[in-house]
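Working notes, beginning with the structure itself.
Please treat every number below as a calculation from the coordinates, not as lab data. Because the structure is predicted, anything quoted here is derived from the model rather than measured. No Cβ is skipped: glycine too gets one built from the backbone with ideal geometry, and neighbour counts run over all protein chains shown.
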Amino acid sequence: MRQRYLWMMMLTGALLVQGCSTFQLTHEPFTPKGKRLAVIAGLTNPSSLEAAQAFADELGKASQFQVISQKQVAQAIPHYPQLIKGPYNSAYFEIDIDYTKTDLDRVKQLHKSLQTDYLYVLWAPSVTTNGQKSWFTKDYSIMQVIAQLYEFPGSREVGHGSYRIRIDSDKNEIVRDDLQHVTKELAEKTHMLK
């Protein structure tokens, strides 16, 4: 019985990592028009800030984008992070996504401070735990992330996605393998993979 439970948990974890990473281009074919990119948190909660920092670090490693550091973002945008109305509604434990709900005027305003070619705005509105820790399984919290990629000038949305990232509850940090999968997918689809 325990072996079956362990197998099911491993399968669920593998599907979570591989199946939940989504990034879709909204305009194809896509040809990059620049390399400077900033990742910004659209919420002021710690999860969004942590996700923005980790995503920026991993995207800098996986792609040809010149990713602006979170320190530079904070220096350019007064009182960073600032709240940006995001493309979702909370629905109990899930998120109802509607990419048309984003406050584009706010995105444009924040971009003026950064002057990058691309702005990757992400929101991490919820973190859930399963509480199933045992001798045979590791307990992971799950951070739900919604993101949009904008191209400037013009503030055109060129891609968006939603994904789940595991958080190692013992270390209280994001599982980098999950983030590497997500950033690699974005870099591949935008033709900016190293």
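Quick notes on this one:
- Fully extended contour minus Cα-Cα distance, from Lys171 to Thr44, at 0.36 nm per residue: 43.5 nm
- Projected label distance in nm at His79 and Asp103, using a 7 Å step from Cα toward the beta-carbon: 1.1
- Here the 3J(HN,Hα) profile of segment 109-121, calculated from phi with Karplus coefficients 6.51, -1.76 and 1.60 at θ = phi - 60°, is 4, 5, 5, 4, 6, 9, 6, 9, 7, 9, 10, 9, 9 Hz, Gly and Pro shown as x.
- Estimated D of segment 137-194 in µm² per second, where Rh is the Kirkwood radius over Cα pairs and Stokes-Einstein applies at 10 °C, 1.306 mPa s: 122
- Between Gln66 and Asp96, residue separation times 0.36 nm minus the direct Cα-Cα distance comes to 7.6 nm.
- Taking each of Lys101/Lys194; Lys35/Lys61; Lys35/Lys194; Lys33/Lys71; Lys71/Lys112 in turn, the alpha-carbon distance tops 22 angstrom for Lys101/Lys194; Lys33/Lys71.
- With each label modelled as a point 7 angstrom along the Cα→C-beta vector, the His191-Phe30 pair spans 1.2 nm.
- Backbone phi angles across segment 172-182, fed through the Karplus curve with coefficients 6.51, -1.76 and 1.60 (θ = phi - 60°), yield HN-Hα couplings of 6, 9, 5, 6, 5, 4, 5, 5, 5, 4, 5 Hz in residue order; Gly and Pro are listed as x.
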